[in-house]
Amino acid sequence: MIRWLPAMLLLLGGYALSAEASSAVPAKRGFSVMRYLQPGNVLKTIRTVRYQEHRLDAEMWLHTLRLIDASHVLADALKAVLHSPDGRETRISARNAVYDLDAEMIRSEGEAMLDDSQFTAVGTGFSLDVNTKRGFLIGPVRTTFSVRGAAATQP
């Protein structure tokens, strides 16, 4: 098999962090290209995007992606940006994470960071629901808040 074929299939045949499944694709969502790969296959230097209602919703960069089984992939050097409708961005990074395609959950162990314009939080892992964009950091967690645009008041 040609070496670049799995990466091309990922770009053309699948998308990560899927919010809606095509009518041609079964109910299972996520990396649809995985049906063409065997457990243990590795894809390198991956970038995926997700659009929702013609608006950029999420971006994700991975150094490597390893297929564990039909429902789980292991990502190394994960970096993601979640875009909100009001223009706010939340950046997520982790050394490694497992994406459960059935549950549509990303779980990481090891240092993980969440960052946006108002806070930075670093923990020992995280769990994130891909569809709701809600999750939690595993502790101990160190959080830094910043207040921007707040008017200074004097007594």
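The values are calculated or read from the model by the stated rules, or taken from the named source; none is laboratory data. Fair warning: this is a prediction, and the values are worked out from it, not measured in the lab. With ligands, DNA and RNA removed, areas are computed over all heavy atoms of the protein, side chains included. Shrake-Rupley method; radii C 1.70, N 1.55, O 1.52, S 1.80 Å.
Summed over the residues of the stretch 32-155 and divided among them, the accessible surface reaches 61 Å² per residue at a probe radius of 1.4 Å. The listed residues 105, 113, once ranked by accessible area (1.4 Å probe) with the largest placed first, stand as 113, 105.
Any idea what diffusion coefficient the stretch 62-108 gets from Stokes-Einstein, in µm²/s, Kirkwood Rh on alpha carbon pairs, 10 °C, 1.306 mPa s?
Details: Rh = 11.4 Å.
The calculation lands on 139 µm²/s.
Per atom type, the stretch 43-155 shows carbon and sulfur on 53% of its accessible surface, probed at 1.4 Å. Were the residues from residue 88 through residue 122 laid out at 0.36 nm apart, the gain over their Cα-Cα distance would be 10.3 nm. When 79, 44 are compared by accessible surface with a 1.4 Å probe, the order from highest to lowest is 44, 79.
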